[in-house]
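Quick notes on the structure that follows.
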Amino acid sequence: MPVTASGNGEAGVEGKVALVTGAARGIGEAVVEALVGAGATVAALDVEAGGLALVAERNRGRVVPYVVDVGDPAAVVRAVAAVEEEVGPIGVGVSVAGVLRHKPVRETTDEDWAATFAVNATGAFTVLRELARRMAPRGSGSLVTVGSNSVGVPRVGMAAYAASKAAITMLTRCLGLELAGSGIRCNVVSPGSTDTHMQRLLWTDEEGPRGVLEGDLGQYRVGIPLGRIADPADIAEAVLFLASDRARHITMQNLYVDGGATLVA
């Protein structure tokens with residue numbers, strides 16, 4: 001049957017069960033809203049119970065909350081199994097959960113490094129692995145990892161974060177190659193500066209947004225050619241596209257959604 005593109009409910013995710021990590025706020029929350037709007041039922045995972053409850057309440061009956069620390073592999077394994085049993089077979093998986101410890105390498109502690117990789121890399125790996133194990137025998141599914149444009153260009157103070165995102169970006173692409181024969185697509189969406197809680201933590205004064213837009217010569221950072229900081233919904237729309245049947249012939253790709261900030265690095 002041909003895929004249409006005339007609006008919500010026709011993207012090929014309607015009726016499917018989607019699992020989203022980092023779902024309580026920011027990009028993860030926006031992804032949940034986009035998937036629900038397109039007709040999916042979402043199992044929303046996050047460590048923040050309060051924010052997760054609000055997302056579930058706002059989408060009552062369409063979002064099932066699971067309080068999970070994705071940095072705990074055993075907890076992820078249990079959660080994925082619970083979703084499959086309680087909600088249904090997962091057809092779409094989106095790994096969004098991430099942490100940022102903004103420090104130069106010389107000030108980055110062993111604990112900073114380990115904590116960053118536990119969530120950003122190992123957490124995403126466990127989610128992808130558990131979903132792949134279930135999707136492969138069924139012969140269908142779509143997996144999307146939210147990476148970062150810091151993978152494309154060096155960033156001052158973001159070595160641990162960028163390294164963890166680089167790891168999961170290549171992991172996702174390798175998994176896509178392994179699963180292609182099973183009809184499962186694996187892609188990455190790499191946002192640039194996006195108006196989230198994480199982004200605002202980097203702003204030390206009212207000039208923070210302006211510095212992002214114009215760049216910072218002292219940190220060897222270019223600005224954003226499109227002249228705006230992304231809204232979480234901008235990232236969610238890209239995720240929805242790659243997760244849906246509209247992208248049925250796209251796999252192993254890394255889509256930058258950063259207003260041109262990396263200059264296609």
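How many of the residues in region 122-143 are surrounded by fewer than 20 Cβ atoms within 10 Å (Cβ to Cβ) and either among the hydrophobic types (A, V, I, L, M, F, W, C) or out of contact with any Pro (no Cβ under 8 Å at 6 or more places or on another chain) (or both)?
Of the residues in that region, 7 qualify.
In this structure, is residue 82 surrounded by 14 or more Cβ atoms within 10 Å (Cβ to Cβ), free of Cβ contacts under 8 Å to residues at least 40 places away in the same chain and under 22 Å from residue 118 (Cα atoms)?
Values: surrounded by 14 or more Cβ atoms within 10 Å (Cβ to Cβ): yes; free of Cβ contacts under 8 Å to residues at least 40 places away in the same chain: yes; under 22 Å from residue 118 (Cα atoms): yes.
Here the answer is yes, as residue 82 does meet what is asked.
Identify the single condition in (1) surrounded by fewer than 14 Cβ atoms within 10 Å (Cβ to Cβ); (2) at pLDDT below 95 that residue 11 does not satisfy, given that it satisfies every other one.
So residue 11 meets the others, but not (1).
So which residues in region 136-147 are within 23 Å of residue 165 (Cβ to Cβ) and part of a helix (DSSP H, G or I), if there are any at all?
Residues of region 136-147 within 23 Å of residue 165 (Cβ to Cβ): 141-147.
None - no residue of region 136-147 is within 23 Å of residue 165 (Cβ to Cβ) and part of a helix (DSSP H, G or I), so the list stays empty.
Checking residue 113 against (1) closer than 27 Å to residue 234 by Cα; (2) among the aromatic types (Phe, Trp, Tyr); (3) surrounded by fewer than 19 Cβ atoms within 10 Å (Cβ to Cβ): exactly one of these is not met. Which one?
Checking residue 113 against (1) closer than 27 Å to residue 234 by Cα; (2) among the aromatic types (Phe, Trp, Tyr); (3) surrounded by fewer than 19 Cβ atoms within 10 Å (Cβ to Cβ), the one that fails is (1).
Here's the yes/no breakdown for (1) in contact (Cβ under 8 Å) with a residue 24 or more places away in the chain; (2) among the acidic types (Asp, Glu); (3) more than 22 Å from residue 31 (Cα to Cα):
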{"residue": "59", "(1), (2), (3)": "yes, no, no"}
{"residue": "86", "(1), (2), (3)": "no, yes, no"}
{"residue": "91", "(1), (2), (3)": "yes, no, no"}
{"residue": "96", "(1), (2), (3)": "yes, no, no"}
{"residue": "104", "(1), (2), (3)": "yes, no, yes"}
{"residue": "113", "(1), (2), (3)": "yes, no, yes"}
{"residue": "117", "(1), (2), (3)": "yes, no, yes"}
{"residue": "122", "(1), (2), (3)": "yes, no, no"}
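Residues that are modelled with pLDDT of 70 or more and among the aliphatic types (A, V, I, L, M): which helices (runs of 4 or more DSSP H) entirely in region 173-255 hold 2 or more of them? Give the steps one after another, and end with the answer.
Numbers: elements: 197-200, 208-214, 232-243.
Qualifying helices (runs of 4 or more DSSP H): 232-243.
Within the set of pairs 6 or more residues apart or between chains, which connect a residue that is more than 18 Å from residue 92 (Cβ to Cβ) inside region 241-265 to a residue that is assigned to a loop (DSSP other than H, G, I, E, B) and of a type in the set (Lys, Arg) with Cβ atoms less than 7 Å apart?
Cβ pairs passing all conditions: 259/228.
The values are calculated or read from the model by the stated rules, or taken from the named source; none is laboratory data. Keep in mind it's a predicted model, so treat the numbers as computed, not measured. Ideal geometry is used to build each Cβ from the backbone, glycine not excepted, and the neighbour counts take in all protein chains shown.
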